[in-house]
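The numbers here are math on the coordinates, done by the rules we state, and not lab data. This is a predicted model, so every value here is computed, not measured. Using ideal geometry, Cβ is built from the backbone for each residue, glycine included, and neighbour counts are taken over all protein chains shown.
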Amino acid sequence: MKFILNQKIIETNEPLGIPTLDFLRKIGIKGVKESCHEGDCGACMVLLGDLKDNTLVYKATTSCLLPLGEIAGKHLVTIEGLNQNGLNPIQQAFVDTGGTQCGFCTPGIIISLTGFFINSNLEKNDILTAIEGNICRCTGYASIIRATQLLSDHISVVKKSNKERIPTLIDADILPAYFSDISEQLKELKKVPKHNKGTYVAGGTDLFVQNKTLVDPVFLSEMDLSGVWSDKTHIYVGAMTDTESIRTSVELNSVLNIEKHLSKVSSLPIRQKATIGGNIVNASPIGDLTIYFLALDAEISLKFEDKNRIIKLKDFFKGYKMLDLKKGEILEWVRIRKEKKLFSFEKVAKRMHGDIASVNSALSLKLDNKIIREPHLSAGGIGPIPMYLEKTSIFLENKEISSDLIKGAAQITDKEISPIDDVRGSALYKRLLLRQLIYAHFIKLFPEFPELEGLL
């Protein structure tokens, strides 16, 4: 397997299923730090560049959750690969504001901000989103925020340039000059041979938290399963579409406020790697995307060779980590009806953003002169599977909205769920929490309705 590490072509026979972080540390790359090994802290952040339709695209990603085989034929950039004769503007901003103290987190933050300059539309309000996956224990973040503010002039210069982004960033000293040759070098590299036996790996953001090494991984990123598209009746999401692409999809946002909702789902580096197919097939009882699309009455396509079968997402989960997935089948796509509905997504976690939910819930419905039509309610963290609350949804159908109705629906839900005590809360806590989330759905969607005052 070959790839480019900073300016050097690397060839290795190391197992493809080991974390890239472990490989980098082994060969002496010290700018990536090992801390959480779960994708939470950002200390091991790298830039991963790949040719997409002859265009070089980079993403900041945590190398602790990046299997080595995924970087075959790509450009891997660590903080060492950004160094020039002097400090670049991003590094200088941190010096000028005291944005670094112990320095353990600093390389990851610099990498994340470099990814912001390469990839984003460079809106100043988005710069903090770019570093939301980086944890600092020293500074209190105020000096880091000041450092990002010092970059405003550089953002303006890059936005005004008529050149392509990478040449512009080279001119601005944000990227070293060698970046101009990477595209041609990648065209000469051979990617890892494909095979179809072993452990399927999508984004791997949960898989590599549980397993430090995988034997014979099969990388689904090599398959053409990503993207968002539509026909006259449905919007489709390919199984390998990452969460950030879903969040920013023009087609999905035309019928849902999905961009706002999914900002609560993990940090940016994880959203850029975690896929909807992986989220669904992982079958976590608290998977955010699964809960989201259950409430949209989604359907999924399960493909084997040249045949596929379409089922409701709610029928896919048969028990804890048990799926209606036949041997050899893979999840091909998810689809929802192409129609506008009232929609709400709520999530409670120890941290508002970027954390695993204690309980999450979603609701979609139509309202016809105060009469509820086509309600679909889902919830996570309150049973062994991601739950579609069928009895509660049926109870709400064709009834006039009122506080008594919503309280009655919550009582139905309480009988429908089976939470357990665990590290995220007691069973009683989760019952009370879900009740409040159901109330929150209706209060948020219908603030003008005095009929709901009894929920407050």
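Give the distance, in whole Å, between the Cα centre of the stretch 249-303 and the Cα centre of the stretch 386-432.
22
Report relative contact order for the stretch 32-124 in percent, whole number only (criteria: Cα-Cα under 8 Å, sequence separation at least 6). Write out the running numbers ahead of the final one.
On the way: 119 pairs, mean separation 32.2, N = 93.
Rounded, it is 35 percent for the stretch 32-124.
What number, rounded to the nearest 500 deg cm²/dmol, is the helix-based mean residue ellipticity at 222 nm of the chain, given -39500 (n - 2.57) per DSSP H run of at least four residues and division by all its residues?
Working: 18 runs with 141 residues, N = 456.
-8000 deg cm²/dmol, from helical runs alone.
Roughly how big is the chain's charge dipole about its Cα centre, with Cβ charges of +1 (Lys, Arg) and -1 (Asp, Glu), in debye to the nearest 20?
Numbers: 57 positive and 55 negative charges, 87 e Å.
Approximately 420 debye in magnitude.
How high is the relative contact order of the chain, in percent, with contacts defined as C-alpha pairs under 8 Å that are six or more residues apart? Don't jump to the answer; show the numbers that get you there.
Details: 898 pairs, mean separation 51.9, N = 456.
Relative contact order here is 11 percent.
Where does each of 149-157, 175-183, 386-394, 421-429 land if you order them by average Cβ count within 10 Å, highest first? If you can, show how the numbers build up before the last one.
Values: 149-157: 14.7, 175-183: 16.4, 386-394: 21.8, 421-429: 13.0.
Result, highest mean Cβ count within 10 Å first: 386-394, 175-183, 149-157, 421-429.
What lysines could a cross-link reach from Lys232, if we take a straight Cα to Cα line under 26 Å and drop same-chain neighbours fewer than 8 places away?
By straight Cα distance, Lys232 reaches Lys260, Lys303, Lys307, Lys312, Lys314, Lys338, Lys340, Lys341, Lys366.
Which peptide among 131-143, 55-67, 312-324, 433-445 comes first, and what is the full order, when sorted by highest mean count of other Cβ atoms within 10 Å? Each step should come with its number before you reach the end.
Details: 131-143: 18.3, 55-67: 23.1, 312-324: 15.4, 433-445: 20.8.
So the peptides 131-143, 55-67, 312-324, 433-445, ranked by packing, come out 55-67, 433-445, 131-143, 312-324.
For the chain, which semi-axes, largest first and in whole Å, follow from the square roots of 5 times the eigenvalues of its Cα gyration tensor? If you can, show how the numbers build up before the last one.
Details: eigenvalues 321, 133, 85 Å².
Equivalent ellipsoid semi-axes, largest first: 40, 26, 21 Å.
Per residue of the stretch 224-240, what does 6.51 cos²θ - 1.76 cosθ + 1.60 with θ = phi - 60° give for ³J(HN,Hα)? Whole Hz please, x for Gly and Pro, Karplus curve as stated.
7, 10, 10, x, 10, 8, 8, 10, 5, 10, 9, 10, 10, 10, x, 4, 9
Excluding residues on the same chain fewer than 8 positions from Lys399, give the aspartates and glutamates whose Cα lies under 14 Å from its Cα.
Within the straight-line limit of under 14 Å, Lys399 reaches these aspartates and glutamates: Asp368, Glu374, Glu451.
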